[in-house]
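The values are calculated or read from the model by the stated rules, or taken from the named source; none is laboratory data. Fair warning: this is a prediction, and the values are worked out from it, not measured in the lab. Because the Cβ atoms are built from the backbone with ideal geometry, glycine has one as well, and the counts that use them run over all protein chains shown. With ligands, DNA and RNA removed, areas are computed over all heavy atoms of the protein, side chains included. Shrake-Rupley method; radii C 1.70, N 1.55, O 1.52, S 1.80 Å.
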Amino acid sequence: MLNEQRVGDLLDAFGARTPAPASGAAAALTGALAAALTELAARFAGDEDAVDGARTAVRRLVELADEDSAAYTAFIASRNDETRARIVAVPEEIAGTADDVSELAKRVRAQLRSSVAADAEAAVELARCASRVARRLAALNA
């Protein structure tokens with residue numbers, strides 16, 4: 001599981017000449033980073049609903065990183081309609097969740113006047129990037 005790896009080991013795994021983890025998992029983890037920054041900003045804004053939403057997104061995006069790796073590994077082992085559908089569906093869910101994070105971060109940003117506003121802005125951009133990468137991956141895999 002990717003969330004159990006040390007950062008250096010995780011980066012080594014992404015750089016290895018293996019089919020997974022790759023761009024889908026990277027997009028999911030980028031979205032999770034965006035959600036974590038959203039959580040930080042929401043705490044400073046005193047928005048507990050946003051904190052809860054961000055925490056939920058972090059957990060789901062980390063799960064999706066592992067699901068993406070598993071889906072692609074299964075596809076490499078057995079290229080069929082079922083495994084192909086999965087390598088499209090998982091990135092699509094990553095994109096949708098990242099879109100939700102972006103919107104949440106924008107909402108939180110509007111509540112802030114402190115330097116933490118930069119963290120909310122970073123969250124918006126990271127989430128947008130994660131969504132674009134995941135959508136492109138889904139299109140390429142279709």
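Descriptive notes on the structure:
- Gaussian network model of the chain, Cα within-10 Å springs - most flexible of 81, 52, 100: 81
- Gyration tensor (Cα) of segment 68-142, equivalent ellipsoid semi-axes in angstrom: 33, 9, 8
- If the Kirkwood radius is taken over C-alpha pairs of segment 16-76, then at 25 °C and 0.890 mPa s the Stokes-Einstein diffusion coefficient equals 201 µm²/s.
- Placing R0 at 25 angstrom, the Cβ-Cβ distance between residue 76 and residue 136 gives a FRET efficiency of 0.80 after rounding to 0.05.
- If the chain linking residue 106 and residue 12 were pulled fully straight, counting 0.36 nm for each residue of separation and taking away their Cα-Cα distance, it would gain 30.6 nm.
- Helix 117-141 axis, angle to the chain major axis (alpha carbon atoms, nearest 10°): 20 degrees
- Carbon plus sulfur fraction of accessible area for segment 1-125, probe 1.4 Å, in percent: 52 percent
- With helices as the sole contributors, the chain gives -28500 deg cm²/dmol at 222 nm; each DSSP H run of n ≥ 4 counts as -39500 (n - 2.57), and the sum is divided by every residue.
- Each residue was assigned an accessible area with a 1.4 Å probe, and for residue 48 the value is about 100 Å².
- Mean separation of Cα contacts under 8 Å, 6 or more apart, over the residue count of the chain: relative contact order %: 34 percent
- Spatial separation of Cα centroids for segment 105-142 and segment 1-71, in angstrom: 13 Å
- Surface analysis of the chain yields an accessible area of 54 Å² per residue, using protein heavy atoms and a 1.4 Å probe.
- In the chain the Cα-Cα distances spread across 5 Å bins starting at 0 as 2, 13, 20, 20, 17, 13, 8, 5, 2, 1, 0 percent of all pairs.
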